[in-house]
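For reference, the structure discussed in these notes is given below.
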Amino acid sequence: MLESFDQSEELQMFREAVRKMSEKEFAPIAAQIDDEDAMPDKVMPLLRDMGLVQLQVSEAYEGPGGTLLMNCIAKEEVARHSFAVSHLVGACDFAMVLPLRAFGTEEQRRHFLPQVATGNITAAIGLTEPGTGSDVSGIKTTARRDGDHWVINGQKTFITKGDTAKFINVIARTSEGTRGGGLSSFLVEQRTPGLTIGGAVRKMGLRGIKSVDLFFDDLRVPAENMIGAEGQGFKNTMHCLNYNRPTVAASALGLAQGALDAAVAYANEREQFGQKVIQFQAIGHKLAEMRIQIEAARALLYRVCALADSGATNGLAEMASCAKAFASNTAMQVTTEAVQVFGGAGYLCDNPVERMMRDAKVTQIYEGTTEIQKLIIARSMVA
Amino acid sequence: MKVLVPVKRVIDYNVKVRVKSDGSGVDLANVKMSMNPFDEIAVEEAIRLKEAGTADEVIAVSIGVKQAQETLRTALAMGADRAILVVAADDVHQDIEPLAVAKILAKVVEEEGAGLVLAGKQAIDNDMNATGQMLSALLGWSQATFASDLKIEGEHAVVTREVDGGLQTIKVKMPAIVTVDLRLNEPRYASLPNIMKAKKKPLDEKTAADYGIDVSPRLEVVKTSEPETRQAGEIVPDVDTLVAKLKEKGII
């Protein structure tokens with residue numbers, strides 16, 4: 001694979017270090033993670049030592065001070081071999097690092113971010129409920145003020161990493177409001193009395209990263225754990241999505257690249273009718289089309305990262321949606337085609353492309369479905 | 001003890017090398033370059049010596065074009081404390097020959113008061129396998145080449161060398177030049193925190209002239225050519241056919 005023309009040697013060094021680690025450490029266990037739907041204990045320390053769990057925590061809070069682009073490079077390289085493991089890169093970004101950076105008080109940052117900077121913890125975002133999904137206006141989980149605490153009651157569902165997360169960013173209703181109004185964000189610590197973690201759902205892909213139900217029963221959270229202003233929880237979460245969606249695109253991109261790598265290797269090896277199958281135009285063109293999609297997705301993603309890392313906010317939301325929608329569609333198409341290139345062998349459960357195809361589907365669904373991304377992009381163009 | 005580690009910027013080992021059309025050398029324009037893999041092993045060993053408390057400071061040195069500072073940043077990101085770049089060429093195609101490199105390194109060693117030089121046994125571009133040995137001669141230091149194990153014991157270095165047919169363990173008096181082989185260690189991944197820290201570590205820039213060393217080439221490259229392409233093999237159905245074929249070709 002050609003490296004991006006505009007990347008410094010520092011970024012190349014970083015990419016290469018992550019690539020080597022991913023090849024050596026994660027490629028051999030990716031199938032096992034999927035098969036057993038469990039993440040081996042050795043994974044987090046490996047990512048922590050490389051500075052990837054805590055990647056975007058700035059140096060002021062004892063983190064390595066990586067950029068969104070670096071986060072995306074790391075996720076891409078890890079997802080090439082294990083899509084599940086890539087979810088532990090920047091594992092606290094969406095729930096903690098991004099909201100604290102944008103809306104937290106200095107005191108909150110100083111309390112929470114050094115904990116993230118250890119690289120030993122993960123965090124989860126508690127947004128989805130049984131009755132909500134793309135439409136958050138139906139959020140029924142409530143938080144009621146009681147002295148210097150808030151009391152949370154309700155239920156969340158499909159909470160990714162909710163089983164192991166040290167902190168859960170719970171979006172709860174603090175007042176009546178239309179659409180996203182009246183919602184606030186709270187950082188709830190694991191093992192707080194009143195929090196019950198339900199069983200994990202069985203998923204088609206993304207196995208090894210658990211999604212669980214969370215139940216809140218008169219859970220008391222200190223008032224200082226509210227992130228951002230009261231009633232601004234939804235708006236703030238939407239803001240953070242602009243910086244998190246590119247990383248979802250990065251995982252999708254890595255998945256696609258991994259599937260292409262496997263398909264190319266196989267097509268150069270497999271012989272039919274007396275020649276390597278890559279020599280058949282039908283297969284060669286298929287691989288070329290996959291490559292085109294991946295290169296375009298990567299260029300778009302890096303463009304969004306450059307925009308976000310420059311501090312620009314104008315147009316960022318729709319650009320992040322463009323990258324997320326395009327990269328996830330690319331992942332779905334490329335992994336499906338990779339299975340086709342493998343033929344019968346690709347349909348077997350021992351083949352990595354079979355896993356990649358299952359993994360790819362979720363990228364079109366979570367963090368805003370492709371349809372929601374298009375809605376965001378379309379709305380940005382309404383005069 | 002200060003440990004000096006010379007690192008060379010070479011064509012990346014994954015790149016398919018192409019010979020320039022005039023045969024004067026290998027085409028290096030817009031080609032991915034990285035640290036000579038043997039030098040990476042030397043850097044790793046130096047950092048381990050520091051972590052073990054045997055070394056106080058690890059200094060990486062590169063002699064070549066200005067772009068070699070990127071190679072030095074890699075060494076710093078792995079854990080070297082500081083770096084010295086000696087600019088000795090403008091054109092990436094100009095290779096600085098081992099004797100000139102050794103002469104400059106000898107000056108740097110003296111200037112820094114280093115007690116150990118850990119170098120790659122050879123660079124993967126020209127495969128000269130000469131710089132370490134020349135440096136040892138120039139300094140009058142002990143040398144131990146092709147190291148696959150290294151222990152510093154007081155005034156001595158105990159080095160296991162990979163030699164034809166087996167391993168040889170020797171004990172040399174310090175200060176010493178040790179050139180490292182492939183199996184000495186497995187270099188660490190440059191972690192993000194260390195990559196970020198490397199940006200702030202000192203990197204001094206000098207020129208060959210600062211050391212009064214003439215780097216003009218003494219060797220002349222007569223011709224560079226691509227290796228002959230391998231002929232396609234043949235799969236034989238059984239041993240009898242194999243033996244018959246070998247006889248036919250006069251091999252047995």
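The values are calculated or read from the model by the stated rules, or taken from the named source; none is laboratory data. Keep in mind the model is a prediction, meaning the values are calculated, not measured. Cβ sites come from the backbone with ideal geometry, for glycine too, and all protein chains shown count toward neighbours. SASA here: full protein model, heavy atoms, side chains in, ligands and nucleic acids out. Shrake-Rupley method; radii C 1.70, N 1.55, O 1.52, S 1.80 Å.
Brief remarks on what is shown
- With Cα atoms, 0 to 90° folded angle of helix A:9-21 axis to chain A main axis: 80 degrees
- When shorter helices are ignored and each DSSP H run of at least 4 residues is given -39500 (n - 2.57), the per-residue value for chain A at 222 nm works out to -15000 deg cm²/dmol.
- A 1.4 Å probe run over the protein chains yields, for the stretch A:5-118, 35 Å² of accessible area per residue, whole-number rounding.
- Between helix A:352-363 and chain A: long-axis angle, C-alpha atoms, 0 to 90°, nearest 10: 40 degrees
- Cα shape, the stretch A:123-230, gyration tensor, a/c 1.5 rule: oblate
- Chain-alone versus full-assembly comparison, the stretch A:39-69, residues with accessible loss of at least 30 Å² (1.4 Å probe): A:Met50, A:Glu59, A:Pro64
- Using θ = phi - 60° in the Karplus curve 6.51 cos²θ - 1.76 cosθ + 1.60, the 3J(HN,Hα) couplings for the stretch A:92-104 round to 10, 4, 5, 7, 10, 4, 5, x, 5, 4, 8, 10, x Hz; x is entered for Gly and Pro.
- Across all directions, the average flat footprint of the convex hull enclosing the Cα atoms of the protein assembly as shown is 36.0 nm².
- Annotation for the stretch A:85-122 versus the stretch B:67-101: alpha-carbon center distance of 38 Å.
- Cβ-Cβ FRET estimate between B:Asp56 and A:Glu59, R0 fixed at 30 Å, reported to 0.05: 0.70
- Mean-position separation - Cα centroids, the stretch B:189-221 and the stretch A:234-286, in angstrom: 38 Å
- Straight-line cross-link partners of B:Lys103 among the lysines, defined as a Cα under 20 Å from its Cα and at least 8 positions apart when in the same chain: B:Lys2, B:Lys8, B:Lys66, B:Lys121, B:Lys206.
- Legend: calculated FRET efficiency, A:Thr192 to A:Leu375, from the Cβ-Cβ distance at R0 = 35 Å, rounded to 0.05, equals 0.50.
- Sparse packing (at most 15 other Cβ atoms within 10 Å of the Cβ) combined with a DSSP loop state is found for the following GluC sites (Glu not before Pro) in the stretch B:144-183: B:Glu155.
- Taking amide hydrogens as placed 1.01 Å from N in the peptide plane, the amide H of B:Glu205 sits under 5 Å from those of B:Leu85, each at least 5 positions away in sequence or on another chain.
- Using a 1.4 Å probe over protein heavy atoms, the accessible area lost on pairing A with B, summed over both chains, comes to approximately 1700 Å².
- For chain A, the longest site-free run once chymotrypsin sites (Phe, Trp or Tyr not before Pro) in DSSP loop states with at most 10 other Cβ atoms within 10 Å are removed: A:6-272
- Cut-off under 5 Å, modelled amide H: who pairs with B:Ala55 long-range: B:Lys50
- Secondary-structure-derived ellipticity at 222 nm for chain B, considering helices only, amounts to -8000 deg cm²/dmol, per-run term -39500 (n - 2.57) for DSSP H runs with n ≥ 4.
- Backbone phi angles across the stretch B:8-16, fed through the Karplus curve with coefficients 6.51, -1.76 and 1.60 (θ = phi - 60°), yield HN-Hα couplings of 10, 8, 10, 4, 4, 5, 8, 7, 7 Hz in residue order; Gly and Pro are listed as x.
- Where labels lie 7 Å past Cα in the beta-carbon direction, separation of A:Ala345 and B:Leu167 in nm: 3.9 nm
- Complex-versus-alone comparison for the stretch B:161-195, residues with a loss of 50 Å² or more in accessible area, probe 1.4 Å: B:Tyr189, B:Leu192, B:Ile195
- Low-density loop cleavage sites - trypsin sites (Lys or Arg not before Pro) in the stretch A:156-262, where at most 12 other Cβ are within 10 Å (DSSP): A:Arg179, A:Arg191, A:Arg202
- Between amide H atoms placed 1.01 Å from N, distances below 5 Å from B:Gln143 occur with B:Ile177, all of them 5 or more places distant or on a separate chain.
- Whole-Hz Karplus values for the stretch A:73-82 come out as 4, 5, 4, 4, 5, 6, 5, 4, 10, 9 Hz, taken residue by residue from phi with 6.51 cos²θ - 1.76 cosθ + 1.60 and θ = phi - 60°; glycine and proline positions read x.
- In this rough spin-label picture, where each label sits 7 Å from Cα along the Cβ direction, the A:Glu23-B:Asp238 distance is 4.2 nm.
- Helix B:239-248 vs. chain B, principal-axis angle (Cα, 0 to 90°, nearest 10): 90 degrees
- The relative contact order of the stretch A:234-381, computed from alpha carbon pairs under 8 Å that lie at least 6 residues apart in sequence, is 33 percent.
- Restricting the stretch B:177-252 to GluC sites (Glu not before Pro) that sit in a DSSP loop and have at most 13 other Cβ atoms within 10 Å of their own Cβ leaves B:Glu220, B:Glu228, B:Glu234.
- Farthest towards the positive end of the charge dipole of the stretch A:123-230, among the residues A:Val188, A:Gly199, A:Thr128, is the Cα of A:Gly199, using unit charges on the Cβ of Lys, Arg, Asp and Glu.
- Accessible surface of A:Ile278 - all protein chains present, 1.4 Å probe, nearest 10 Å²: 50 Å²
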